[in-house]
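The structure appears below as structure tokens.
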Amino acid sequence: MLQNDSSFFDELRWDEFLSLQTKIAQDEAFYDAANQFSMPSAPKTYPQQIVAYFQQYPYYTAFAASFILLLIVGVSVWRHQSSSASFVFIRNQQMEVYAAQQTPSRGLGYAEGLPIGELPVQWWEAPQQKAQLAYIFCEDTLKLYTRDKPTQDSLLTKIQLEYEAMSQQYAIGLFTTKQLLVDSCRTNPKVLLP
């Protein structure tokens, strides 16, 4: 009976069509409502706020970056000038190198106390230095640093350079003390006379 009733089948298909359309409309309404609703975001941290500000204003970002770069360059130039001004060149000279006291096992070597050559010496004044005399020995050049020029004049005759053939090293003698000169090319002078 219902199987042969065509109006029943038309109503059943019409009902399925309407329920399907209602579901699609409900889904669209739900989707629109979900798009309009937004979850509250977590509060931004201070660095995130700064990044967001600079993204919003790129000209200020460029200005701030160039200002910081200029500040860094200025400070580094100022530090370089203040550090390089701490040494004042006095003079160059060649100092005689003498053979050191030694007793070689095979009887070879230099005669003790005789000059065997010369070594280039540079005198520098370092007013900020606490020691009376300091040195740097680098690439066969001895750099002597004094607090003031009169100190350099008085120490000039008291310094003797020696070469020890057995160890193949230079030594600097001042009064009764003797120190081996190590070819270290250090940046800070090593104290010779406190």
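Report the label-to-label distance for Asp15 and Gln168 in nanometres (one decimal), using points 7 Å from each Cα along the Cα→Cβ vector.
Each label point is offset 7 Å from its Cα along the Cβ direction, giving 11.1 nm.
Once you put a point 7 Å from the Cα of Val77 and another 7 Å from the Cα of Phe89, both along the Cβ direction, what distance in nm separates them?
Label-label distance for Val77 and Phe89, simple model: 2.3 nm.
Read-outs throughout are calculated quantities, based only on the coordinates presented, and are distinct from any laboratory measurement. The structure presented is a predicted model; accordingly, all values stated were derived computationally and were not measured. We place every Cβ from the backbone using ideal geometry, glycine too, and count neighbours over all the protein chains shown.
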